[in-house]
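Encoded as structure tokens, the structure appears first; notes follow it.
Values in this text are rule-based calculations from the coordinates and carry no lab data. All values derive from a computational prediction rather than experimental measurement. Cβ placement follows ideal geometry from the backbone for every residue including glycine, while neighbour counts extend to all protein chains displayed.
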Amino acid sequence: MRRTLLPIAAAVVLAALAACGGSDDDASGCTPIADELTVLAQDDLKFDAESYDAGAGCIEVTYENTGSIAHTLLIKEQSGFKLSIGDTDVGTVDLADGTYVLYCDIAGHEAAGMKADLVVS
Ligand SMILES: [Cu+2]
């Protein structure tokens, strides 16, 4: 019995390590040098601003929940970047100059107002 349980225990440990990797919210693997962006999610299905600014390059994005409904944060046409809350999530994304659209992909949230511009310059 002991022999058969060991491989199962090892598999569970490996699965737990993989789940903690957090690679899903890091599109670039870049190292943020200076720029930080904080976005707050509110229970009225809005972010705390309609437009955000950031400097071009590797941006550390912090997503905080001011309410109790779960939300996500994605950037249109930047596949691989996704934050999910809960409480708080942090990820990095490497962006060139331009205007991007932030949104929450939970059903109905973007349509209700969970989207904002991100102006990178
Ligand atoms: Cu949402």
Sole residue being free of Cβ contacts under 8 Å to residues at least 40 places away in the same chain and touching a helix residue (DSSP H, G or I) at 6+ places or on another chain (Cβ under 9 Å), chosen from 62, 72, 38: 72
Residues satisfying the stated conditions in the stretch 40-64, i.e. touching an Asp or Glu at 6+ places or on another chain (Cβ under 8 Å), under 11 Å from residue 104 (Cβ atoms) and surrounded by fewer than 19 Cβ atoms within 10 Å (Cβ to Cβ): 42
Of residues in the stretch 90-105 being surrounded by fewer than 16 Cβ atoms within 10 Å (Cβ to Cβ) and in a loop (DSSP other than H, G, I, E, B), the one nearest to the ligand (Cβ to nearest atom): 105
Lone unmet requirement of (1) in a loop (DSSP other than H, G, I, E, B); (2) on the phi < 0 side of the Ramachandran plot for residue 77: (2)
